[in-house]
Structures are given as C-alpha cells and as structure tokens.
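Here's the structure we're looking at; comments come further down.
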C-alpha cells in the first residue's frame with residue numbers, strides 16, 4: 001500500500017492543546033513539515049512564547065525553550081549568537097510579538113539576527129479569554145473593547161509586516177493566511193523560504209500568519225475562516241513585503 | 001611609610017584625574033599599595049572634578065577618608081571645598097595662577113604654585129598638572145622622578161608619545177620652582 | 001602577569017574572560033559601563049559573543065537563551081537595570097540555567113543617583129522576581145576579591161545550574177587598585193551539559209527543553225521541591241564569610257563589600273582608643289553565614305550592623321543573632337559612603353543606634 005499522507009516527524013505525538021477549529025494546528029504542521037523537509041530537526045532550537053502557543057515546546061519535535069512574555073526574539077538572539085550554525089525560530093502570537101514584545105522584535109530585525117519568526121496574527125488575545133490585541137480590527141468586539149475597538153481611545157490595528165519591511169536588517173517578510181487550502185499551500189511555501197533564507201544566513205525572516213480564533217470571536221470554525229478572508233485580509237493585505245535576494249542585499 | 005591620603009581637585013580638563021592616576025601607577029610600580037578613585041558624575045566635560053589616592057606600604061582598608069595627608073587644588077571652588085578636610089601637619093598645594101587670594105590653613109603647610117604661568121612659559125598650557133606634580137614630588141618625595149617618568153611614558157602610550165618631553169619638562173619646572181623658593185616639607 | 005593597576009569594572013570584565021565567559025549581553029548604565037566597554041573589544045577580538053541589547057529586559061532574556069544553549073554567559077548592570085531584569089532572572093532560576101549577573105549598585109529608589117550604595121541587598125538576596133527561588137550572591141570587598149569571585153562564578157553557576165550574582169557598589173566599579181589575575185581559584189568537577197538546548201544532534205535520542213512552566217499544582221510543587229533541595233545543598237556548602245578580630249571583641253560589626261573595608265579602618269582607630277571591635281564579613285550574602293553569629297563570644301556587648309542602606313542586611317543580622325545580643329544599626333545611604341570616623345562614633349555611642 002502506498003503512503004499518500006502521514007504525520008510529519010516535525011511534530012511530537014503529544015495531542016495539540018488548541019481549541020477545535022483554531023488554525024494554530026495548521027501553522028504547527030507547516031512549520032513541522034518544513035523542519036523535516038529541510039532536515040533541520042536535529043539542529044533546530046525553537047522558542048515557545050506566552051499565549052495560546054505557550055505549550056509549543058511540547059509539540060515541535062526539536063529542542064525548545066519557553067520564553068517570558070514577549071521576549072522570544074531576545075532569547076532567540078541569545079541562542080543564535082552562540083550557535084550560529086543551528087536553526088533558531090520563534091513561534092509567537094500577536095499579543096506576545098506585537099504588544100509586549102515589539103521592542104525585542106524590532107531590534108532583532110534591526111540587528112539582522114539570522115532567525116525565523118512565525119507570527120500568528122488572530123487579532124485577539126486567545127489564551128487569556130478574548131481581550132483586545134494591538135492587531136484587533138476597528139469595530140471588532142472583544143472582552144476589553146465591548147462596543148468594538150474605537151480608534152480614538154484604543155488606537156489602530158498594527159501592521160507588523162509593513163513596519164518590519166522598512167528595517168534594513170530584515171531579509172524576508174511575508175504575510176500569509178490560513179483561511180483556505182490554496183492559501184495554506186502558499187503559507188507553507190513562505191515558511192519554507194524563510195527557513196531556507198536562515199540556512200543561507202541572509203538575516204531576519206518573519207512570516208505573519210493570519211489565523212482564526214473561533215472560540216473568542218464567537219463564531220463557528222467555518223465562519224471564522226470566512227471572517228479572516230473577508231475582514232482580516234482586507235486590513236492586512238497578503239504578500240511579500242521584503243525579500244533580500246542575495247546575501248549582500 | 002604611614003598611609004598617605006591624597007585629594008586632588010580642580011576643573012574638568014585640568015588633568016586632575018591624570019595627576020592622581022600617575023601616583024597610583026607609581027606605587028604599583030614600586031610594589032607599594034595604592035588605591036585611586038574618582039568623584040564621578042553625569043558630566044564628562046567641565047564642572048569640578050576630584051579624585052582620591054591612597055598610597056601605603058600596607059594593605060589599604062577604607063577607600064574613603066575624612067582628612068587628606070596631601071591636598072592639591074587647582075581652582076578656588078576646590079580650595080573652598082577641601083581646605084577644612086586636611087590632617088594635622090599635612091600639605092596643601094594650590095594653583096596660584098587661579099587662586100589669587102591669600103590661602104590660610106592652620107593645619108597644613110600651604111604652598112602656592114603658579115601652574116598655569118609656568119606651563120604657559122613652557123609653551124603648553126595643558127601641562128599645568130605636571131608642573132604641580134613636579135612641585136608635589138619635590139615637597140613630598142613620595143616617588144622618585146625616575147619612577148614617575150616610567151609611568152608617565154606608559155600612561156601616554158604610543159599615541160601620545162610626542163607629549164612625553166613637554167610633560168617631563170613641566171615636572172622638572174615644578175621641581176625647580178620649589179627648589180628655587182627654598183621650601184621644604186618633612 | 002604580576003600585579004597591575006586596574007579599574008574595578010574593567011577587572012570584572014577581564015576576570016570574566018579568565019573565568020571562561022563565552023557570551024555577554026548587556027545594556028549601558030552608569031556606574032558599570034566599563035564592563036561592557038571592555039568586553040565589547042576583548043570578546044569580539046577573541047571570537048566570543050558580545051551584544052549590546054536594546055534594553056536590560058532583552059539582555060537578560062538573551063542570557064536565558066544562551067544559558068539554555070549551554071554556554072558560559074553573563075550580563076552586567078546597575079540597580080534600575082537589575083530591577084528590569086527580575087522577570088528574566090526568575091525564569092532562568094525556574095528553568096535551572098547557569099549564568100552570571102554582575103550588579104554594580106548605585107543610589108535609589110527610582111532613578112536615584114549614580115553614586116555607590118548598598119540599597120539592593122533585598123533585590124539580590126530576596127529574589128526581586130516572582131516565585132520561590134534564590135540566587136547565589138557574592139559581595140566582595142576589593143577589586144582583587146571581585147576578580148577571584150568572578151573567575152570561579154561560572155563554575156559555581158554550572159555546578160548548581162543556578163544564576164550567580166556578583167554584587168558590588170559603584171565605588172568598587174570605579175576605583176583602581178593593583179590586582180593579580182593569576183591567583184588560583186577553586187575549580188569544581190563539572191558534568192557535561194547534556195540538558196542544553198543546542199540541537200538534538202548533540203544529544204541523540206532525547207529532546208531538551210528549557211522551561212519554567214509546570215501547570216498543575218503537584219507538578220510544580222515537585223519541581224520546586226527539587227529546587228529547594230538544591231538551595232538546601234547550597235546553604236550547606238556555599239556559606240562564605242570572614243571573621244576579623246573576633247577573639248574577644250567588645251563589639252561585633254557586621255558589614256559587607258565596600259562598607260566592610262571602611263569598617264576595617266574604623267576597627268583600627270577604635271583599637272587605638274582601647275575598644276576592641278571584631279567583624280563578621282559575609283562574602284556570600286546568600287547563603288547567609290547565620291552560624292557565624294553563634295561564634296560571637298558571650299562577653300560581646302552588642303552587634304553593630306553597618307550598611308550603605310537604611311538597613312536591609314539588618315534583617316539577616318537580627319535573624320542570625322536570635323536575640324542573643326543587643327543590635328544597633330548605622331547606615332548612610334543614597335550614594336553617601338560613611339567615613340571610618342563615623343563608624344568609630346557609632347560604636348562609641350552604641351546605645352544611640354540600637355534597634356529593637
């Protein structure tokens with residue numbers, strides 16, 4: 001019998017802790033497959049952050065560290081500088097990366113740290129129960145923006161990929177989405193490209209992954225995916241924001 | 001030799017720190033104990049600066065001291081600050097080029113050295129601190145001119161080697177000033 | 001290399017290199033700037049890692065990453081910067097990773113000033129971060145002792161898989177003394193870091209994780225029980241102190257770091273006045289030399305704790321004294337270093353400084 005599909009070796013056998021319908025599972029699979037396909041599982045060190053992906057250290061089948069809230073890029077810097085030939089990546093949500101950890105993220109990019117950041121943007125704080133994130137859309141209701149996010153008092157959705165693309169040290173920045181299979185395949189390509197760039201020592205790479213959070217958005221999984229397509233993609237346009245083709249940029 | 005506590009003070013830029021450091025380096029060269037510490041503040045330039053040096057034949061305990069065995073002041077604010085903080089029978093050297101009023105101190109031998117004038121006469125106003133160092137060494141005999149010359153050479157290093165001669169001349173001029181004035185300090 | 005005259009902060013940096021440091025991550029703050037400045041040159045020249053981070057918060061987490069990766073790593077900062085690092089220090093302690101943290105204390109609270117102080121005794125010994133944990137804290141009194149402590153700090157950190165803090169004040173950082181870098185220091189038998197997250201190829205057959213998260217009360221309690229066992233071993237083996245003139249003292253001073261040196265001069269002055277004063281000088285602040293207090297002869301008239309703070313180590317003095325002797329406290333703080341004469345006065349007027 002021919003094997004057509006099997007679980008990637010890039011993930012452990014530990015059942016994922018994410019809610020049903022959440023796209024974290026897909027993102028994990030894409031990263032796991034990439035690590036396996038690029039033969040990185042034996043040299044990779046991943047950083048789990050604080051948020052829904054706090055348990056990521058249980059799922060990726062490589063050495064892992066668990067970072068304080070927002071500090072994943074600093075921790076990754078610490079590791080990569082002493083182990084420059086190992087693969088180092090972080091897996092962070094939008095609260096972790098775009099709010100409390102934005103300084104660490106920007107400066108890691110600015111130093112051109114040769115690491116890969118997987119940035120899950122689901123426009124909300126999932127782990128803590130659905131509070132407003134810096135990426136929450138205008139008018140989006142959360143437990144701390146109950147009449148909908150009001151730009152006047154709560155600011156605007158933050159555009160991480162656009163911001164980081166202006167930074168000299170970043171080598172590859174792309175925003176992808178997981179709302180349908182076609183886009184999942186595109187996301188995989190982007191993630192693989194980012195890790196390949198790291199292998200080629202090109203500098204800082206970040207893939208922003210638009211994701212759904214059906215539970216905290218109060219939607220069925222299928223509706224949540226539609227909401228990503230119809231609302232998030234409009235606010236956060238997909239595509240490549242930075243691509244330093246060669247080592248010398 | 002009993003422990004000598006030395007206070008050096010002046011404007012930033014008058015070479016106060018260098019004066020103190022040379023004494024500490026000289027002590028190390030002679031295998032004596034020494035300790036140097038600066039008053040340090042947020043300003044790198046200007047303002048008042050002072051440093052403390054302790055030279056001893058025995059292990060140095062407290063890095064801070066109330067009264068100085070030797071006080072060297074390069075300007076009036078420094079004199080006013082440290083004039084009362086001297087040991088009995090101590091030495092107070094002041095820069096007579098900038099402190100024109102009469103300096104009184106019941107506890108110390110007071111010696112004025114016109115450092116700026118002597119340095120200017122040598123053609124390099126910057127070496128006023130070395131003029132004072134020469135006078136200081138002539139009075140205290142704490143270190144020989146040879147040891148000071150050795151540490152001065154190391155202190156200036158290759159990048160400032162061209163400054164060595166004028167600094168040596170300044171030290172000599174300071175020593176000569178004391179000798180010519182016929183002042184001695186036991 | 002014989003004795004050389006060196007500034008305290010630079011000596012800390014060179015001693016770290018002699019102690020085998022592989023990586024330094026830090027952020028500028030007075031009065032410790034000569035530490036990163038010196039290392040920025042000499043680490044890179046020797047193919048080691050130096051990174052000026054964007055903040056103390058980032059620095060300590062870079063330290064976490066590198067410590068987890070299994071190398072010898074350090075950071076250096078001063079009071080407000082160490083405050084910012086507390087989160088990371090708690091995580092490092094929780095994940096049982098070895099590192100060295102140099103703290104050059106200045107006046108506080110808040111921005112305070114940049115003069116020498118000892119107001120961070122609690123911060124160092126009580127764990128400024130969250131949770132049950134301890135750092136091994138050394139408080140040397142001279143540049144030479146700082147060098148000796150720094151050179152062995154990495155061994156100690158590796159041995160216990162625990163952060164070690166070297167706590168000095170701005171005076172030790174800024175002053176110069178003649179020092180010897182070749183004095184032998186204690187070496188420990190260290191096992192391989194088979195726990196390091198340095199890629200599975202380096203430890204085939206298992207996946208390493210650096211982590212301080214343990215959901216489930218019993219699971220975390222088990223982890224913390226293991227931490228406690230380790231801390232108990234440290235308390236048993238790593239107490240370090242000096243007894244000075246303690247044969248038959250009229251009074252006993254307790255002081256550490258720069259303050260202890262000042263007290264040594266005061267003790268000499270008091271001797272001339274016919275007053276015999278001894279001193280217990282903790283070299284490690286944690287674990288604290290509690291048992292040393294049992295050796296104070298019963299003829300002693302009282303214990304005088306002297307600090308450049310409002311009285312923080314005083315707590316440990318009172319705990320260790322267990323009510324045996326009257327206790328007095330003399331402190332100057334906020335950047336003021338007391339002169340020996342003030343301590344002489346304080347001893348002569350012991351009653352005036354007595355604390356309940």
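The values are calculated or read from the model by the stated rules, or taken from the named source; none is laboratory data. As the structure is a prediction and not an experimental result, all values here were calculated from the model. In this analysis, Cβ positions are derived from the backbone assuming ideal geometry, glycine residues included, and neighbour counts consider all displayed protein chains.
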**Request:** Mind counting the residues in segment C:10-20 that are buried (at least 24 other Cβ atoms within 10 Å of the Cβ) and either under 20 Å from residue A:83 (Cα atoms) or in contact with a strand residue (DSSP E or B) (Cβ under 7 Å, 6 or more places away or on another chain) (or both)?
**Result:** 3
**Asked** With respect to residue A:53, is the statement that it is in contact with a helix residue (DSSP H, G or I) (Cβ under 6 Å, 6 or more places away or on another chain), more than 8 Å from every other protein chain (Cβ to nearest Cβ) and either buried (at least 22 other Cβ atoms within 10 Å of the Cβ) or at pLDDT below 95 (or both) true?
**Response** no
**Request:** Would you mind telling me which numbered condition in (1) crowded, with 19+ Cβ neighbours inside 10 Å; (2) modelled with pLDDT of 95 or more residue B:84 fails?
**Result:** (1)
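Only one of these is on the phi > 0 side of the Ramachandran plot, within 11 Å of another protein chain (Cβ to nearest Cβ), surrounded by 21 or more Cβ atoms within 10 Å (Cβ to Cβ) and out of contact with any strand residue (DSSP E or B) (no Cβ under 6 Å at 6 or more places or on another chain): A:101, A:70. Name it. Full working, then the answer.
Working: A:101 fails: on the phi > 0 side of the Ramachandran plot.
The unique qualifying residue is A:70.
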**Message:** Looking only at segment C:196-208, count every residue that is surrounded by fewer than 19 Cβ atoms within 10 Å (Cβ to Cβ) and within 32 Å of the chain's Cα centre (by Cα) and tell me the total.
**Reply:** 0
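Does residue C:79 satisfy the condition of being within 29 Å of residue C:259 (Cα to Cα), out of contact with any helix residue (DSSP H, G or I) (no Cβ under 7 Å at 6 or more places or on another chain) and either at pLDDT below 95 or surrounded by 24 or more Cβ atoms within 10 Å (Cβ to Cβ) (or both)?
Yes.
Tell me, yes or no, whether segment C:35-42 has at least one residue that is farther than 27 Å from residue C:220 by Cα, touching a residue at least 60 places away in the same chain (Cβ under 8 Å), in the same structural domain as residue C:227 (by TED's automatic domain parsing) and buried (at least 24 other Cβ atoms within 10 Å of the Cβ).
So far as segment C:35-42 goes, yes, one or more of its residues are farther than 27 Å from residue C:220 by Cα, touching a residue at least 60 places away in the same chain (Cβ under 8 Å), in the same structural domain as residue C:227 (by TED's automatic domain parsing) and buried (at least 24 other Cβ atoms within 10 Å of the Cβ).
Yes or no, residue by residue, for (1) in a helix (DSSP H, G or I); (2) at positive phi; (3) more than 14 Å from chain A (Cβ to nearest Cβ); (4) at pLDDT below 95:
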| site | (1), (2), (3), (4) |
| --- | --- |
| C:9 | yes, no, yes, no |
| C:12 | yes, no, yes, no |
| C:15 | yes, no, yes, no |
| C:25 | no, no, no, no |
| C:32 | no, no, yes, no |
| C:35 | yes, no, yes, no |
| C:39 | yes, no, no, no |
| C:57 | yes, no, no, no |
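Residue check: is residue B:170 modelled with pLDDT of 95 or more and in contact with a strand residue (DSSP E or B) (Cβ under 8 Å, 6 or more places away or on another chain)?
Numbers: modelled with pLDDT of 95 or more: yes; in contact with a strand residue (DSSP E or B) (Cβ under 8 Å, 6 or more places away or on another chain): no.
Against the criterion (modelled with pLDDT of 95 or more and in contact with a strand residue (DSSP E or B) (Cβ under 8 Å, 6 or more places away or on another chain)), residue B:170 does not qualify.
Out of everything in segment B:35-62 that is out of contact with any strand residue (DSSP E or B) (no Cβ under 8 Å at 6 or more places or on another chain) and either at pLDDT below 70 or in a strand (DSSP E or B) (or both), what residue ends up being nearest to residue B:13 (Cα to Cα)? Write out each step before concluding.
Taking segment B:35-62 and keeping what is out of contact with any strand residue (DSSP E or B) (no Cβ under 8 Å at 6 or more places or on another chain), we get B:40-45, B:61-62.
Now narrow it down to the ones that are either at pLDDT below 70 or in a strand (DSSP E or B) (or both): B:40-45.
Working: B:40: 14, B:41: 14, B:42: 15, B:43: 12, B:44: 10, B:45: 7 Å.
My answer is B:45.
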**Request:** Considering only residues that are within 14 Å of chain B (Cβ to nearest Cβ) and crowded, with 18+ Cβ neighbours inside 10 Å, look in segment C:331-341 and name the one that is nearest to residue C:265 (Cα to Cα).
**Result:** C:340
